[in-house]
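K.L.:
Below is a structure I'd like to ask you about.
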């Protein structure tokens, strides 16, 4: 069964992206955030997303795993329960996946409970040259 989740963009500006994700299902299939990486008019395409803050509510017995997509996907976080985690105080979470990184964030889920989360992200763009 595919990941039964809906993604709603709350903000998609030249620098920041805020997405709300909610769903249910027993699955390990990834959900790509690639649809929110495109650039803003007059600016180069974003090459990656950094995570600024996550607010989540995940039913008991269920967990969400976020990964940086790469040749070998790298775990960013494993989330369970409910919480707000703010990474802006130390410069956000940035993609350090290594070889073959795409800039995408993948999500998988274990357990059969429902979940919802809001993720505040920042677009990383190539340097102007």
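K.L.:
Report the gain in length on full extension from residue 124 to residue 24: 0.36 nm times residue separation, minus Cα-Cα distance, nm rounded to one decimal.
P.N.:
The span from residue 124 to residue 24 would gain 33.0 nm if fully extended.
K.L.:
At a 10 Å Cβ-Cβ cut-off, how would you order 11, 69, fewest neighbours first?
P.N.:
The most exposed by this proxy come first: 11, 69.
K.L.:
Still on this structure: Using a 10 Å cut-off around each Cβ, can you sort 52, 109 from fewest to most neighbouring Cβ atoms?
P.N.:
52, 109
Only the coordinates and a few stated rules stand behind these numbers; no lab work does. The structure displayed is predicted, hence computed values, not measured ones. Cβ coordinates were reconstructed from backbone atoms using ideal geometry, including for glycine residues, and neighbour counts include every protein chain displayed.
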